[in-house]
Structures are given as C-alpha cells and as structure tokens.
Amino acid sequence: MMAIPTQLRINAERLKTDLDDLALIGQTDEGGVTRLAFSQDDVRARNWFANRIEDAGLLVRDDEVGNVSGILPSAHPHAKTLLIGSHLDTVPNGGRYDGSLGVLAGLECLRCVREAGLALPVHLETINYSDQEGTWQSFFGSMGFAGLLRDLRPNDYNQPVTAMRAALDTVGIRDSEIHLARRDPSTLLAYLELHIEQGDRLDVAGRELGLVTGVVGRTMLQVTFRGESTHAATTRRERRRDALHGAAHYITRAYDVIADEYPEGIFNCGDVDVKPGQFNVIPSKAVLRVECRHPDERTLARMEERLCHLAYESAEEHQLKATCETILHRPAVDMTDSIIRTMEQICQEQGHTYQRIVSLAGHDAQVLSLITPTAMIFVPTVDGLSHTPHEFTHWNHIEAGANVLLQTVLHLAEQA
Ligand SMILES: [Zn+2]
C-alpha cells in the first residue's frame, strides 16, 4: 500500500505544447490534420512521439502491428502493466484532439509520476494504437494487441488485400508476424482512455466530463433487392419490378421503425449501388450497405432481425426478392464499473461536474475491454463537431480530464 498523492496534477502547459506540436504534423490548409494510418505523416507522428518519450526519460517500445508505447517500468518483481492510450492517426482533414489527446495525456501522466519520484507497483505504459480510424482496417493496432486480428480485411471492399499488405510493408509490418503483437492479458492490470466525446451531449448538458459506461455495438448489413430490368417507359406500372423503388421505400421505413421502436438505436444507410444504372432502364438490382448501432447487445440483435424482416416485406410489396447479409459485427461492450466508481469519486474530490455516458462512436477501449478491465473519460466536444478541422474542446475541460486520468492511474496502482 502506498499513500496516494491526491494533490498531484498534470503539467498543463507541457501537455498543451505537445498537442500544438503534434497538430503541425499533417496540418491541412483548413487548419485540420491528415495523418492517415501508415502514411508518411503517420510515420512522422510516431517518430515524434518516440522522441517525446525518450526526452521524458521513458522507454520506447514498438510491436509487430505498428503500435508505439512509452513505458515507465516498476521495480516490483510481479508488476502488471497499467495501460493508457488512444491513437495518433486521423481521418482525412480531421481534428487535432481525436485520439491524440488520449495518447499525449497518457504520456503526461507518466512524466508526472516519474517526476514525483513515485515508486508504483505497476508498470505504466502509454500506447498509440495504429489505424484506429480504419484507413485500412479499423482497430488494426488494438486488435493485434488483443490477439484478435485473424486476417487482413480492408474496410474498403474495393481495396485488394495485396494493396493493404503493400501499405503495411512500407512501415515494416509483416503479415506473417502480426500474431506476435498479442499481449498476454494476465500481464495487464487495466486500460484507460481519455477521448473527446465527438457528440454534443456533454456540451449541451454543460458537464465537464463524461464517464463512459459502454460502447455501442455495431452491425453492418448488406441488403440486396433484385427485380427486373425492362424499358422504363413502356413497362406497365403493375408489371414493374423496380429494385431501387423497393430499396428507397425500405430505407425510409427503416429510419421510422428504428426511431419508433428503438429509442437508443441508430440506423444509417450510407451506400447504394444500383444496376444497370441507366436512366432509361428500370433498376434490376439495388445493393444497400446499412449500419445499425445499439448499446445493448441483445437489443442490437433484435434490431438486425427487424431490419432484415423489413427488407423482405418491402421486397414483397414491390414484387422483388431481397437478401440480407451480415458483413461486420462489433459487439456492444461495457466498461468496468469499479473503475467508473473510482473515477466518480475522483471527480467529486476535484470538484468536476460529470455524467455517465454511452459512447456512440468506436474506440480502442472497446477492443481492450475484451481482454482487460477498461474505462474511458470523455471531454466535451464544442457543438459535437468532430472529424472536421472545426473540432474543438475547451482547455479547462482537457485539463480536468487529464487530471482525473492521472488520479485514476494512481488509485488503480494503489489497489494493485
Ligand atoms: Zn478517436
């Protein structure tokens, strides 16, 4: 047991300088950041991060899936690792806080503990997980770390695996070595992630912090409607078997059904492919890629079923055939309640307003939660704008989040 230095705080100026410096790497004309995974700017960011780690007197570690870590080792013989992290990659022309905040706040926590001369019974590690945003494959780094990366599967179905393999090769990641990145869960104590909310719930509610209770599950379905291509003008109305007309009806109904029956559910149809794609020919085929999300895994399964049934119904009404195929499923996950309670206590001690909140976006924490106790802190995103250069979080909120993160690290270390 050690006495927790509850007055210890992060060096806000240093964290701010780091965030400002990092935002210069891949900076865009609009004031955003483009650091696509495994691109030159992504590599520059990793190198910059490795230098910052060394400057702080910490150890640098990298692994077979491109994750980069800074480590403050413990002298304790049976020490486990307490992980803090997020991602340094971005979407095209994204914001400067998404991902970067969690990695750099983690680094700041390690520096604070080191400077305070605390001998913790756990190793501290701040980690940058590669390709969280899915330039190639979402959660590539965290999945590899968790030992859950079975194969290379680019998010973009038009992208051949060979192209992804070539991109990985440029940064020295070998397909055959990916399995070596797996960390033994028995060596881990917990995983913590500080992230911007990316929605506007905290901003609207006027709360300083969000304590994440779970991450919504997500299923991507491919719904295909098949009809018949005939002359657009001469085919009588009763004989038309218009695949796109049925699909359009389906999409509208799906939005209504999810809104009416699943208040916490989310539906999106973001991709429609129509064949033969001629303005004077009735569409014979419409392929939709739709997505649904829900915080409860069982309700998500019912939503999926409902969406498929709706497709069959819509098809029948339009004399079409429909098929419904699950392309991807990421289960809804819960964060660890005992850590959330510790965080609540710290928020109260530090006088920060907070609320429990479900994450609607995906995060590395959802992957880590499958192998180790995990918790997340959200800071508000002004107007909920994220994945845009306009992404912004007030500095006092960032400081509050980083300080709750630091104290959570100390509390978990003390309990270890
Ligand atoms: Zn992110």
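Observations on the model:
- Among the residues listed as R289, R306, R298, R302, the single one being open to solvent by 40 Å² or more (accessible area, probe 1.4 Å) and assigned to a strand (DSSP E or B): R289
- Residue check for R356: touching a strand residue (DSSP E or B) at 6+ places or on another chain (Cβ under 8 Å) and among the basic types (K, R): yes
- Single residue of H87, H123, H76 found to be touching a Phe, Trp or Tyr at 6+ places or on another chain (Cβ under 6 Å) and of a type outside the set (A, V, I, L, M, F, W, C): H87
- Test: P373 is open to solvent by 10 Å² or more (accessible area, probe 1.4 Å), under 21 Å from the mean Cα position of the chain (by Cα) and either of a type in the set (K, R) or modelled with pLDDT under 95 (or both): no
- Filtering the range 25-59 to residues that are farther than 23 Å from I71 by Cα and open to solvent by 20 Å² or more (accessible area, probe 1.4 Å) leaves Q27, T28, D29, E30, G31, T34, L36, S39, Q40, D41.
- Checked against (1) closer than 28 Å to L24 by Cα; (2) open to solvent by 10 Å² or more (accessible area, probe 1.4 Å); (3) over 23 Å from the mean Cα position of the chain (by Cα), V113 passes all but a single condition, namely (2).
- Filtering the range 378-411 to residues that are under 27 Å from A119 (Cβ atoms) and surrounded by fewer than 18 Cβ atoms within 10 Å (Cβ to Cβ) leaves only H411.
- Pair list, Cβ < 6 Å and 6+ apart or interchain, from the range 13-33 residues that are assigned to a loop (DSSP other than H, G, I, E, B) to residues that are open to solvent by 60 Å² or more (accessible area, probe 1.4 Å): I25/R44
- Candidate set: the range 337-365, residues that are within 16 Å of the ligand (Cβ to nearest atom) and in a loop (DSSP other than H, G, I, E, B); chosen: the one most open to solvent (accessible area, probe 1.4 Å): L360
- Pairing each residue of the range 197-210 that is away from the ligand (no atom under 14 Å from the Cβ) with any residue that is open to solvent by 60 Å² or more (accessible area, probe 1.4 Å) and part of a helix (DSSP H, G or I), provided the two are 6+ apart or on different chains, yields C-beta distances under 7 Å for D200/D383; D203/D383.
The values are calculated or read from the model by the stated rules, or taken from the named source; none is laboratory data. The model shown is predicted, which means the values in this text are computed figures rather than measured ones. Methodologically, a virtual Cβ is constructed for each residue, glycine included, from the backbone with ideal geometry; neighbour enumeration extends over all protein chains shown. What goes into the accessible areas is simple: the full protein's heavy atoms, side chains included, and nothing from ligands, DNA or RNA. Shrake-Rupley method; radii C 1.70, N 1.55, O 1.52, S 1.80 Å.
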